[in-house]
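Report on the following structure.
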Amino acid sequence: MKIDLLPRLQRLGATLMLPIAVLPVAGLLLRLGQPDVFDIRPMAEAGNAVFANLALLFAIGVAVGSARDNHGAAALAGTIGYLVLTTVMKAIDSSLDMGVLAGIMCGLLAGNLYNRYRGVTLPPYLAFFAGKRFVPIVTALCCLLLGLVLGYAWAPVQAGINVAGAWLTTAGAAGAFVFGLLNRLLLVTGLHHLINTLAWFVFGSYVDPATGAAVTGDLHRYFAGDPGAGVFMAGFFPVMMFGLPAACLAMYQEAPARAASSLPACCSRWR
């Protein structure tokens, strides 16, 4: 049976945008709450809470995005699967850390199990656990088995990711060029979010001097104070937050008057 992989990867790229969409507001809260700006600690902690639980948010967002009807049962299953997977892996080897990859994997698993078992029927004495209630149960069992396998198999993969990330984050302009080239090449297929996720949340490691905890990914390292971080975000968030709205305003102002006349009256003051 032939499996068309490209549409599946494109769907994954689309589901990644759900948790990623909260990052700009979380980043603003974290930065504006710092002592050198507004010095509002609750605001900074609110933004930091999002980044501290990013892997869990990916498990929820990817699960919902993968479910055919975006049902909340898939989100619950993704959450339970992530907690089970990470706990089992830590019990086997405390040095293992999949980061957001664990969330993405559990979200995909939960979403696909939801699509498969959301209408399952059980014997009458187990009818309460049938249908959508069965999805979190089977997800927890699958993640238990997956955690046992990855607990012994993930260490060499993690070492390889660390080597690739170390090169990319320390290569300076060459690393930024490779990242940008891959991003633009994958853009036409809709798969650029995959390389973005690796660069922003996986590659590179830095020990946060405030907490003593190791953080990974360009985004986490940047907010932890790593002076070498931020390279892989610099060309994206400022453009998406400010450049694109400015481009839209410029196109509107330069549009023919006949085309602009069809817009709401509230927009006429810009012309």
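The values are calculated or read from the model by the stated rules, or taken from the named source; none is laboratory data. Predicted model, so just to flag it, every value in this text is computed and none were measured. Cβ atoms come from the backbone with ideal geometry, glycine included; neighbour counts cover every protein chain shown.
Quick notes on this one:
- Selection within the range 247-260 - surrounded by 10 or more Cβ atoms within 10 Å (Cβ to Cβ) and at pLDDT 55 or above: Ala247, Cys248, Leu249, Ala250, Tyr252, Gln253, Ala255
- Helices (runs of 4 or more DSSP H) lying entirely in the range 97-209 (those with 2 or more residues that are surrounded by fewer than 20 Cβ atoms within 10 Å (Cβ to Cβ), of a type in the set (Gly, Ala, Ser) and touching a residue at least 60 places away in the same chain (Cβ under 8 Å)): 134-170
- Screening the range 19-75 for helices (runs of 4 or more DSSP H) wholly inside it with 1 or more residues that are among the hydroxyl-bearing types (Ser, Thr, Tyr) returns the ranges 54-66.
- Looking only at residues in the range 218-239 that are part of a helix (DSSP H, G or I), of a type outside the set (Lys, Arg) and under 17 Å from the mean Cα position of the chain (by Cα), the one that is modelled with the lowest pLDDT is Phe237.
- Count of the range 193-220 residues which are out of contact with any helix residue (DSSP H, G or I) (no Cβ under 9 Å at 6 or more places or on another chain) and over 18 Å from Gln158 (Cβ atoms): 4
- Filter result (small (Gly, Ala, Ser) and farther than 19 Å from Ala14 by Cβ) within the range 73-90: Ala73, Ala77, Gly81
- When the criteria are applied in full, Thr121 fails the requirement of being out of contact with any Pro (no Cβ under 6 Å at 6 or more places or on another chain) and within 26 Å of Pro156 (Cα to Cα).
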